[in-house]
Every structure is written in C-alpha cells, then in structure tokens.
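For reference, the structure discussed in these notes is given below.
The values are calculated or read from the model by the stated rules, or taken from the named source; none is laboratory data. Treat the numbers as computed from the prediction; the structure is a model and nothing was measured. Glycine also receives a Cβ, built like all others from the backbone with ideal geometry; neighbour counts cover every protein chain displayed. Accessible surface areas use protein heavy atoms only, side chains included; no ligands, DNA or RNA. Shrake-Rupley method; radii C 1.70, N 1.55, O 1.52, S 1.80 Å.
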Amino acid sequence: MTGTACFLCGLETDDISQDFDTRVYFVRCRRCGEYRITMECSSNPRSADETTLAAISAATRQAAESHSTLLLRTDNWDQVAAAHKNTPVRQKVLKVLRYSAAKSRSPGEFFRIQEDFDYPAFDAASPQECRFLVSHATDSGYLESMSDDALTLTVKGWDAVEPLTGTAGTPGRCFVAMSFAEQLDEAYLLGIKPAVEQDCGLLAIRMKELHHNDDICDRLLSEIRQAQFVIADFTGHRNGVYYEAGFARALGRDVINCCRDTDFDLLHFDTNHLSHIKWKMPQDLRQQLTDRIRATIVAPAK
Ligand SMILES: [Zn+2]
C-alpha cells in the first residue's frame with residue numbers, strides 16, 4: 001500500500017485502517033465518504049478506468065450520505081459502478097436538490113457545496129460538472145446563491161424535493177418499504193434504487209436515506225401518501241414493512257412486493273397469495289423490478 005491515498009480518488013484519506021481477519025480496509029475519504037474495500041479488490045480492481053472509478057466514488061459517497069457503508073469487492077465492483085454510470089442530467093440535478101435539502105435542516109438555512117469534494121454526491125465526473133449542475137439549479141430558481149458561495153434551497157427547490165400532493169400521490173415518486181438492516185443496504189443501493197432511478201427515471205424514497213427532524217411515523221405516512229407507488233421488500237420480515245404495504249394498499253397505491261428467496265417460505269399468510277418478486281442477488285432484483293415497473297406503473301408525463 002502506498003501512503004494513505006484513497007483507493008478511488010487518490011485524495012489523502014482522513015482515516016484508513018485494516019482488519020486482517022476479514023482482509024478488509026476501512027477508508028474515510030472527504031470526497032468518497034466512508035467505505036470498505038477488500039484487500040483483494042484494492043490491489044486488483046476489475047477495471048480502474050477514470051469513468052468506473054468516478055462511478056464507484058459516487059456510489060460510496062451517496063451510500064455514506066444515506067448512512068450506509070458499501071463494501072467493495074471484486075464480485076460487486078462492476079455492478080456498483082453500473083448503478084452510477086450514464087445517469088441522466090435531470091437525475092443529477094435532482095440529486096443536487098436532495099443533497100441540498102439534507103444539508104439544510106430547515107428552510108432558509110444556508111449550506112455550501114464544495115465542487116472539489118462534493119461532486120461524487122451527484123454522479124458528476126468532475127468539479128466542473130458539479131459547478132455546471134449547481135449553476136443550472138441556481139439559474140432555474142431551485143437554489144439561491146449568496147455572495148460568499150453559500151446556497152439556500154428556494155421554495156421552488158423544496159417543492160421539487162418534497163412536493164405538496166393531493167390524494168393521488170406524486171407521479172414518479174416511489175416509496176420503498178424495507179428493513180433498515182445493514183445487510184440489505186446492497187439490495188437497495190444496487191437493486192431497488194437503480195431500477196427505479198436509473199432504469200425507469202423515477203424517484204426512490206427510503207426512510208433510512210432521509211434526514212429529518214419530524215416524528216418518524218408522521219413522516220412515514222406522509223411519504224407513503226406522496227408516493228405514486230410502493231415497493232415493499234419483505235426480506236427479514238420486519239413488521240413495519242407489512243404495515244406500510246397495507247397502508248399503501250388501503251390508499252389505493254400500487255404495491256410491488258419483493259422478497260429474497262431465503263426468506264420466501266416465511267412470508268406471512270396475508271401477503272403470500274400476492275405475486276412477489278423472488279430475488280437472489282441485487283442484480284436480478286434490479287432486472288425483475290425494472291421489468292415489473294415498466295409493465296405495471298404508468299410513467300409520469302415528462
Ligand atoms: Zn476518495
């Protein structure tokens with residue numbers, strides 16, 4: 001190992017440590033966030049071209065922003081990268097707005113975006129692209145820029161992130177009901193989220209990703225009301241998922257049920273007659289979900 005450079009972006013790390021038992025490095029990088037990487041993968045990554053590394057850095061940073069820590073391995077490397085490559089510009093701008101909402105604890109509060117360090121948070125490939133996205137969001141009235149580089153999210157910006165809705169939900173918004181267990185973060189980050197956002201161009205909302213001060217239960221019900229449809233993953237059989245799926249169904253929302261094959265036989269009686277997506281790995285979950293969403297959910301008008 002050479003010095004303390006980040007394996008992904010080369011920046012000097014804030015912290016790096018290794019666990020010889022599991023043969024895993026833990027890295028904290030100002031740009032890539034906190035992530036773990038196997039020693040095998042760090043010395044011999046499958047592909048280390050600039051585009052792939054930028055995409056992996058985007059994945060680790062965004063996972064860290066949403067309180068998850070990705071473990072990079074040779075066998076998930078390409079898949080981790082794929083989830084952050086070819087992101088449509090519209091999605092990148094939305095990522096800027098969602099990041100901005102997370103950084104402002106209340107409306108009107110100022111925050112800063114540091115191009116050199118924050119560009120992976122938006123799937124941008126460089127500080128230049130980050131500057132472009134932020135100035136687009138500012139020119140379009142979503143952000144307001146102050147003289148000293150401080151930014152604030154405008155009412156229009158807040159509306160884009162947390163729209164006010166009637167009873168029908170907001171077209172394109174998908175609430176994801178699933179366990180918060182760390183072992184399932186990969187299923188979300190590499191399966192559900194890219195299926196909804198990359199493949200179908202819609203927006204995925206998972207409670208674990210939201211930074212908020214509201215009462216969690218109120219916020220949860222309000223998020224389900226705002227959603228056009230819900231993806232419920234029953235892996236782990238958390239009671240909350242059954243509750244959230246039932247509430248969504250009672251509101252008339254489409255609910256797409258999923259469960260990992262290992263947990264399939266334990267599905268409770270009240271849902272096992274509904275057709276569930278049975279998945280093995282995040283890859284096939286992504287594929288099956290994309291097919292199901294395209295087949296059953298009416299895409300919002302662009
Ligand atoms: Zn880094």
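Two decimals, Cα atoms only, Kirkwood Rh: what is Rg/Rh over the chain?
Here the Rg-to-Rh quotient is 0.97.
Express the accessible area of region 170-296 per residue in Å², computed with a 1.4 Å probe while the remaining protein chains stay in the model.
Value returned for region 170-296: 43 Å² of accessible area per residue.
With charges set only on the Cβ (+1 for Lys and Arg, -1 for Asp and Glu), what does the dipole of the chain come to about its Cα centre, in debye to the nearest 20?
It comes to approximately 720 debye.
Mind checking which of G191, G240, G169 has the largest fluctuation in a GNM of the chain, springs on alpha carbons under 10 Å?
The residue that fluctuates most here is G240.
For the pairs K95/K280; K85/K278; K85/K193, note any where the Cα-Cα span goes beyond 24 Å.
Those over the limit are K95/K280; K85/K278.
Using a 10 angstrom cutoff on alpha carbons, build the Gaussian network for the chain and name the most mobile of L251, L151, L189.
L251
Charges on Cβ only, +1 for Lys and Arg, -1 for Asp and Glu, centred on the Cα centroid of the chain; of T51, A195, Y25, which one is farthest towards the dipole's positive end?
The residue sitting most towards the positive pole is A195.
Ignoring ligands, DNA and RNA, please state the percent of accessible area on the chain from carbon and sulfur, probe 1.4 Å.
Details: 7250 of 14390 Å².
Ligands and nucleic acids excluded, carbon and sulfur reach 50 percent.
Might you report the magnitude of the Cβ-based charge dipole of region 15-82 about its Cα centre, with Lys and Arg at +1 and Asp and Glu at -1, to the nearest 20 debye? Please report the intermediate quantities before stating the final value.
Numbers: 8 positive and 10 negative charges, 31 e Å.
Magnitude of the dipole: close to 140 debye.
Report the far tail of the P(r) of region 50-109, meaning the percent of Cα-Cα pairs longer than 13 Å.
Working: 1180 of 1770 pairs.
The calculated P(r) of region 50-109 puts 67 percent of pairs beyond 13 Å.
Ignoring everything except DSSP H segments at least 4 long, calculate the 222 nm mean residue ellipticity for the chain; use -39,500 (n - 2.57) per segment, divide by total residues, nearest 500.
Calculated from helices alone, the mean residue ellipticity at 222 nm is -10500 deg cm²/dmol.
Compute the Kirkwood hydrodynamic radius of region 170-296, taking the inverse of the mean of 1/r over all pairs of distinct Cα atoms, and give it in Å to one decimal. Please list the in-between numbers first.
Details: mean 1/r = 0.0694 Å⁻¹.
After inverting the pairwise mean of 1/r, the radius is 14.4 Å.
Not counting ligands, DNA or RNA, and with a 1.4 Å probe, what is D149's accessible surface area in Å² rounded to the nearest 10?
It works out to around 110 Å².
Would you work out the relative contact order for the chain, in percent, from Cα pairs under 8 angstrom that are 6 or more residues apart?
Answer for the chain is 13 percent.
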